[in-house]
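K.L.:
Structure incoming, see below.
The values are calculated or read from the model by the stated rules, or taken from the named source; none is laboratory data. The structure presented is a predicted model; accordingly, all values stated were derived computationally and were not measured. Cβ atoms come from the backbone with ideal geometry, glycine included; neighbour counts cover every protein chain shown.
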Amino acid sequence: MGPFELNISKYIRTPEYKTRVGFLGEFEKDFKFVIDAATNNAKTSLVIFVDDLDRCKPAKPVEVIEAINQLLDAEPCIFVMGMDVRTIAGSIEAKYKDLAESSVEKDSSGGLPLGYRFLEKIVQVPFRLPKVSRKTLGRLVDGSLTPREASPDNRAAVVVEAEHLIQGEEREGKGLEEAAETVRSARPDISNDALMEAKRNVFARTFDDDQEVRTAIYDALPYLESNARKVKRFINLFRLQLLIANRRHLLENKVIEIRQLSRWLVLVSCWPEIVDALNDPAFPPRLLDAHKLWRTSVSESPGLENAQAVQVLLKPYLDDPRVKRFLDVSNLIDLLRALVPTYSNSGDFSNALEPYLQLSATPQ
């Protein structure tokens with residue numbers, strides 16, 4: 001009788017166990033065949049890259065790592081895993097929650113969480129990527145913002161001519177607005193609609209090289225965690241929103257400001273759950289007032305009696321779960337204050353944020 005011919009189903013809960021064990025054996029044979037073919041029978045090494053583990057659903061990273069662990073004995077194989085260690089360690093601890101919380105585990109852990117110790121036993125050479133410097137991110141921004149040439153299309157010849165005239169005035173050192181006004185005065189035969197369309201087209205092709213745009217993106221970098229992927233994603237989102245605002249005349253009519261749009265997109269990107277709350281005109285001023293009280297009780301370290309008095313004043317604000325959620329998020333509060341530098345009532349906030357709320361709701 002073969003080792004897997006035993007009636008083992010009565011000892012386990014999963015009747016497919018026999019099939020799975022058989023699969024492992026077959027897989028190891030097939031995997032060895034692939035390795036031998038790829039490495040010329042172990043004369044070279046096979047490097048297998050596993051990236052973005054932290055972007056999988058919580059249970060999957062653990063399954064992948066456990067599967068890799070089964071293959072680590074394959075001599076000519078080198079596994080390179082790219083991951084956010086904190087996320088993967090959290091997934092491991094979630095899967096083995098009972099073990100992580102056991103008294104035996106706590107007594108023997110030595111202070112290092114279960115997830116990290118699990119990875120220590122599998123990852124033989126850990127390499128931590130250094131934090132991206134501000135200078136490096138600056139090069140990423142500069143490389144992403146390159147002036148784009150006009151692409152031929154079927155636009156009316158008069159619009160194309162107006163674009164060339166505006167660009168000619170810009171080469172003389174004039175800004176876009178001044179250049180467009182010069183063309184308007186010199187060529188009254190060009191309709192106002194054609195001139196405005198030409199101005200928008202020129203702007204859409206040149207705002208990548210606009211210093212105000214670059215400054216707005218540089219201001220956003222501290223909020224993007226020195227993460228190149230987040231920076232690139234933010235630049236793409238900023239470009240798209242600028243283009244939408246430009247096409248809807250929001251920039252030329254000063255309804256949307258470039259610097260403020262950058263701040264707004266940081267807010268939306270980093271704290272997307274706050275957007276719905278901002279639709280309530282009463283929420284922003286309540287949050288700012290509550291934060292001011294909170295800073296008084298925490299930062300200025302008043303006496304016990306004063307601290308208790310502040311907590312009493314804070315209580316009505318904290319009855320709103322949205323205020324409680326963002327009360328101590330200081331960098332978010334700073335962004336809100338920058339978006340609306342002065343306010344006296346909820347109407348000020350509502351009016352100031354409305355164009356940006358509407359822009360965020362634009363189908364993309």
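K.L.:
Taking region 124-136 as the search range and keeping residues that are modelled with pLDDT of 75 or more, touching a helix residue (DSSP H, G or I) at 6+ places or on another chain (Cβ under 9 Å) and not polar (S, T, N, Q), which one is surrounded by the fewest Cβ atoms within 10 Å (Cβ to Cβ)?
P.N.:
By that ranking, first place goes to R128.
K.L.:
With D219, D193, D189 as the choices, which residue is at negative phi and assigned to a loop (DSSP other than H, G, I, E, B)? Show your work before the answer.
P.N.:
Working: D219 fails: assigned to a loop (DSSP other than H, G, I, E, B); D193 fails: assigned to a loop (DSSP other than H, G, I, E, B).
Result: D189 is the single residue among D219, D193, D189 that is at negative phi and assigned to a loop (DSSP other than H, G, I, E, B).
K.L.:
A150 fails exactly one of the following numbered conditions: (1) among the hydrophobic types (A, V, I, L, M, F, W, C); (2) under 30 Å from N236 (Cα atoms); (3) surrounded by fewer than 16 Cβ atoms within 10 Å (Cβ to Cβ); (4) at pLDDT 70 or above. What is the number of that condition?
P.N.:
If we test A150 against (1) among the hydrophobic types (A, V, I, L, M, F, W, C); (2) under 30 Å from N236 (Cα atoms); (3) surrounded by fewer than 16 Cβ atoms within 10 Å (Cβ to Cβ); (4) at pLDDT 70 or above, just (4) comes out false.
K.L.:
So, in region 211-264, of the ones that are of a type in the set (D, E) and free of Cβ contacts under 8 Å to residues at least 12 places away in the same chain, which residue ends up farthest from A338 (Cα to Cα)? Step through it out loud before you land on a result.
P.N.:
First pass over region 211-264, keeping only residues of a type in the set (D, E): 212, 219, 225, 252, 257.
With the extra rule that they be free of Cβ contacts under 8 Å to residues at least 12 places away in the same chain, the set shrinks to 225, 257.
Details: E225: 20, E257: 12 Å.
Selected residue: E225.
K.L.:
Looking only at residues that are under 14 Å from F203 (Cα atoms) and of a type in the set (A, V, I, L, M, F, W, C) in region 154-182, which one is modelled with the lowest pLDDT?
P.N.:
Selected residue: L176.
K.L.:
If you take the residues in region 242-291 that are assigned to a helix (DSSP H, G or I) and of a type in the set (G, A, S), which one is nearest to S350 (Cα to Cα)? Walk me through how you get there before you give the answer.
P.N.:
So the first thing to find is which residues in region 242-291 are assigned to a helix (DSSP H, G or I), and the list is 242-247, 258-270, 274-278, 283-291.
Subsequent filtering for residues that are of a type in the set (G, A, S) retains 245, 262, 269, 277, 290.
Details: A245: 19, S262: 18, S269: 20, A277: 12, A290: 18 Å.
So, considering only residues that are assigned to a helix (DSSP H, G or I) and of a type in the set (G, A, S), the one nearest to S350 (Cα to Cα) is A277.
K.L.:
Output yes when any residue across region 45-57 is surrounded by 13 or more Cβ atoms within 10 Å (Cβ to Cβ), out of contact with any helix residue (DSSP H, G or I) (no Cβ under 7 Å at 6 or more places or on another chain), in a strand (DSSP E or B) and modelled with pLDDT of 80 or more, and no when none is.
P.N.:
Yes, region 45-57 contains at least one residue that is surrounded by 13 or more Cβ atoms within 10 Å (Cβ to Cβ), out of contact with any helix residue (DSSP H, G or I) (no Cβ under 7 Å at 6 or more places or on another chain), in a strand (DSSP E or B) and modelled with pLDDT of 80 or more.
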